[in-house]
Amino acid sequence: MKVLTIIGTRPEAIKLAPVILELNKNPNIENITCLTGQHTDLASNILKNFNISNYLNIEARASSFRISQLLSNIIMGLEPILNEQRPDIVLVHGDTTSSLAGCLAGFYNKIDVAHVEAGLRTGNISSPWPEEGNRKLISSVSKYHFAPTEKSRLNLINENVSDESILVTGNTVIDALFLATKITDDESVFSYSGPKIRKNKKNILVTSHRRENFGDGIKNICLALNEITEMKKDVDIFYALHSNPLAADLAKEILNKNNQIKILSPQDYFDFIYLMKNVDIILTDSGGIQEEAPSLNKPVLVMRQFTERPEAVDAGCIEIVGTNKQRIVEKTTELLENSASYQKMTYGSNPYGDGHAAKRIVSFLMSRK
Ligand SMILES: CC(=O)N[C@@H]1[C@@H](OP(=O)(O)OP(=O)(O)OC[C@H]2O[C@@H](n3ccc(=O)[nH]c3=O)[C@H](O)[C@@H]2O)O[C@H](CO)[C@@H](O)[C@@H]1O
């Protein structure tokens with residue numbers, strides 16, 4: 001069986017790395033990994049973390065940030081590879097422009113598409129935008145759907161996806177985290193050379209990069225961080241910037257005079273895990289971090305209006321706080337001051353899986369050969 005695995009962004013690289021390693025282990029599978037160029041630097045660094053060095057890169061980065069330009073560049077960039085390699089399966093992940101483009105390129109060439117992290121829905125087509133639309137479109141033309149949870153599977157059934165084409169696998173980010181924590185537990189692998197995490201402080205890790213938060217959302221988040229450090233002199237905040245200047249520039253402008261806030265460049269995956277493991281609280285609009293944090297027993301306040309991770313909300317390990325400055329300040333302060341509230345959010349088992357999702361995906365594909 002020949003598989004073409006498409007990777008665009010950092011989270012796709014993190015979440016597909018375990019699947020690629022599993023595919024490469026199987027003598028009956030030839031896997032070709034192809035970067036699209038959507039996040040070349042971030043994605044290639046992640047593959048390096050997981051010792052994946054053999055991959056193509058179509059460098060389809062759009063000159064502007066126009067999604068439609070990037071989508072068409074990727075589809076056209078993949079055509080020659082699809083014609084030359086004629087894979088049996090195009091494997092895509094999640095909800096990005098690269099995931100949708102990879103899926104459509106496969107579909108237009110009558111090649112079966114397999115979708116990892118299928119079925120996540122907020123039910124709101126404008127949030128997250130364009131991810132909710134991307135993943136619904138991918139579900140409508142994919143042949144196989146790897147749903148992380150039972151809830152994701154039910155979302156697909158509600159959209160008339162046939163049950164026998166769905167497999168509930170767990171989220172592969174837990175596979176990646178377990179692989180990485182095995183590697184990172186050997187402290188010598190850390191290259192984290194950022195500002196020290198001081199144990200006599202309360203430490204908060206922050207990331208924000210969602211398009212719907214650009215502008216006012218990120219502004220309110222940063223104003224809330226300034227207010228928290230104004231009130232709490234024993235708090236250090238580590239803000240890991242995203243590579244997208246539309247997410248990073250405003251944060252740098254608002255936060256750069258606050259010496260309690262350490263502004264970090266995008267972190268290598270192992271170093272980011274080190275940060276997640278060693279802080280007390282995580283504030284983020286990220287999807288993957290909502291799934292990882294329960295395995296690290298870290299409470300997460302989600303700075304979005306909606307989440308497609310209801311399982312973690314139901315389990316009490318994440319809480320949606322949106323981008324309202326006052327609400328972010330209040331909920332963060334509560335976790336800093338009220339140990340009962342804090343304990344309630346540190347969770348035993350992770351609703352997002354057991355770290356064996358990649359194995360399940362590969363054996364399912366082999367059974368369909
Ligand atoms: C709507 C939505 O939720 N969509 C998500 C979005 O991904 P995301 O929101 O999770 O994106 P990010 O937050 O950028 O990545 C997070 C990962 O990066 C690591 N990290 C973070 C900061 C850093 O400095 N260094 C790092 O290594 C971190 O540990 C984590 O694993 O698209 C994915 C692809 O389709 C989807 O799967 C996913 O649902």
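The values are calculated or read from the model by the stated rules, or taken from the named source; none is laboratory data. Owing to the predicted nature of the structure, the values given are computational and were not obtained by experimental measurement. Neighbour counts run over all protein chains shown; Cβ positions are idealised from the backbone, glycine included. Just so you know, the surface numbers come from the protein's heavy atoms only, side chains and all, with ligands and any DNA or RNA stripped out. Shrake-Rupley method; radii C 1.70, N 1.55, O 1.52, S 1.80 Å.
Things worth noting here:
- Heavy-atom accessible area per residue - segment 202-344, 1.4 Å, Å²: 36
- Under the combined filter of DSSP loop state and at most 12 neighbouring Cβ atoms within 10 Å, segment 196-256 retains these trypsin sites (Lys or Arg not before Pro): LYS196, ARG198, LYS199, LYS233.
- Segment 202-344: C-alpha gyration tensor shape, a/c 1.5 cut-off, then a/b vs b/c: rounded
- Alpha-carbon Debye profile of the chain, log10 I(q)/I(0) at 0.09, 0.11 Å⁻¹: -0.48, -0.73
- For segment 265-369, the relative contact order works out to 24 percent when only alpha carbon pairs closer than 8 Å and six or more residues apart are counted.
- Working ranking of peptides 307-315, 123-131 by packing, defined as the average number of other Cβ atoms within 10 Å per residue, highest first, is 307-315, 123-131.
- Per-residue ellipticity at 222 nm, computed for the chain from helices alone with -39500 (n - 2.57) per DSSP H run of at least four residues, works out to -14000 deg cm²/dmol.
- Structural descriptor for segment 202-344: relative contact order 27 percent, calculated from alpha carbon pairs under 8 angstrom and at least 6 residues apart.
- Histogrammed with a bin width of 5 Å, the alpha carbon distances of segment 9-160 distribute as 2, 10, 19, 22, 23, 15, 8, 2, 0 percent, first bin at zero.
- Candidates per trypsin sites (Lys or Arg not before Pro) in segment 53-134, loop by DSSP, up to 12 other Cβ within 10 Å: ARG66, LYS110
- Nonpolar atom fraction for the chain, defined as the carbon and sulfur part of the 1.4 Å probe accessible area, stands at 50 percent.
- Look at the alpha carbon pairs under 8 Å that are at least 6 residues apart: their mean separation over the length of the chain gives a relative contact order of 15 percent.
- Eligible aspartates and glutamates near LYS232 by straight Cα distance, threshold 18 Å, same-chain separation 8 or greater: ASP280, GLU330, GLU334, GLU337
- Counting only protein heavy atoms and using a 1.4 Å probe, the accessible area of ILE74 comes to about 0 Å².
- Three-way shape label, segment 14-85, alpha-carbon gyration tensor, a/c 1.5: oblate
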